[in-house]
Amino acid sequence: MRVINTYVKSEYLVRQSFKANAWFTILSGIIGAIVQYYVWHAIAPSQDINMLVTYGLMAIVLSTVIPTTETAKKLGKNINDGQIGSILAKPVTISQVMLGRSIGTLIYDLIYKLMPLTIIYAVFFRQVLQFNQVNMLILLLSIVLSWLIAWLIGMIIGFCAFITVRVNGLLALNGGLMVILGGAAIPINIYPPLIKVIAEWSPFYAIGYIPLSLVTGMNQTTISMLILHQLIWLGIIFLVYAVISKMVLNRLSIMGG
């Protein structure tokens, strides 16, 4: 635990050197909120506007803390520039290092990105924000599970850099699937039946749509089943991660890394 705390602190301090990035994230979030607001006002039935706007704003907020892209890029860079060898030479695991860095990034994002964005939304969109009455502990658990699934997917994509060298293409694919199957842009409950079924059988549904649906009340499935869905996907993705990481790290050891 001490090892993870060390990397949490170091990553947080590094992030503080790039506060301009936080301002641009907040600015993009505001622009995205305005677009969401007027798009839904233009195309949605009047009785559904508030809920759809709430969904869109919360999707933007959730996207600021999803760690897939950042995790994959960092791990991929460490593999490409050979730093993973020096990490493995230390009495720590690559998982501990990357988890510590990701938590440090998360803490920074919560303070400098998510909190300001949430306050801005609460001030300027309070008339249309409409939240479902859900136990905050359940919602927090769902968000934590969502974060862990996204982090493991990021680690898997990062390890793919050992084969593909660059992970930009895989990240683009992940981003596209997150938008379509994770409901990052449009609520899945208004999808055509076939696309909806495909989305519900994907891990992206567990990452994005489940916590968003708990906030907005758009999902008719019981809360216990939604949490179970996330737990099942967390177990599946963890097993995939364990197999891939073992294969990659064993190969590095054989090559003398």
Express the Stokes-Einstein translational diffusion coefficient of segment 1-125 in µm² s⁻¹, to the nearest whole number, given a Kirkwood radius over alpha-carbon pairs, 25 °C and a viscosity of 0.890 mPa s.
149 µm²/s
If you keep only loop residues by DSSP, which trypsin sites (Lys or Arg not before Pro) in segment 85-152 have at most 11 other Cβ atoms within 10 Å of their Cβ?
R126
Fraction of accessible area attributable to carbon and sulfur, the chain (%, probe 1.4 Å)
70 percent
How long are the semi-axes of the ellipsoid equivalent to segment 2-255, from square roots of 5 times the Cα gyration tensor eigenvalues, in whole Å, largest first?
33, 21, 16
I'd like the chymotrypsin sites (Phe, Trp or Tyr not before Pro) in segment 168-257 restricted to DSSP loop residues with at most 15 other Cβ atoms within 10 Å, sorted by number.
W201
Hey, what did the chain get for relative contact order, percent, Cα under 8 Å, at least 6 apart?
27 percent
Of I149, I190, I34, which has the largest mean-square fluctuation in a 10 Å C-alpha GNM of the chain?
I190
Taking every alpha carbon pair in segment 108-257, what does the distance histogram look like in 5 angstrom bins from 0, in percent?
2, 9, 14, 18, 18, 15, 11, 6, 4, 2, 1, 0, 0
Tell me, what HN-Hα J-couplings in whole Hz come from the Karplus equation 6.51 cos²θ - 1.76 cosθ + 1.60 at θ = phi - 60° for each residue of segment 193-203, using x for Gly and Pro?
x, 5, 5, 5, 5, 4, 4, 5, 9, 10, x
What Kirkwood Rh does segment 133-178 have if only Cα atoms enter the pairwise 1/r average? Answer in Å.
12.1 Å
Probe 1.4 Å, accessible area per residue of segment 119-257, Å²
54 Å²
If you plug each phi of segment 166-173 into the Karplus form 6.51 cos²θ - 1.76 cosθ + 1.60 with θ = phi - 60°, what whole-Hz ³J(HN,Hα) values come out, in order, with x for Gly and Pro?
10, 10, 4, x, 5, 5, 5, 5
Using just the helices of the chain, give the 222 nm mean residue ellipticity in deg cm²/dmol: DSSP H runs with n ≥ 4 each add -39,500 (n - 2.57), and the total is spread over all residues, rounded to 500.
-24000 deg cm²/dmol
Calculate one ³J(HN,Hα) per residue across segment 93-105 by plugging θ = phi - 60° into the Karplus curve 6.51 cos²θ - 1.76 cosθ + 1.60, and present them in order as whole Hz with x for glycine and proline.
9, 4, 5, 5, 5, 5, 5, x, 5, 5, 5, x, 5
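The values are calculated or read from the model by the stated rules, or taken from the named source; none is laboratory data. As the structure is a computational prediction, the values presented were derived from the model and not from experiment. Positions of Cβ are generated from backbone atoms using ideal geometry, with glycine treated the same way; all protein chains shown enter the neighbour counts. The accessibility values were calculated without ligands, DNA or RNA, using every heavy atom of the protein model including side chains. Shrake-Rupley method; radii C 1.70, N 1.55, O 1.52, S 1.80 Å.
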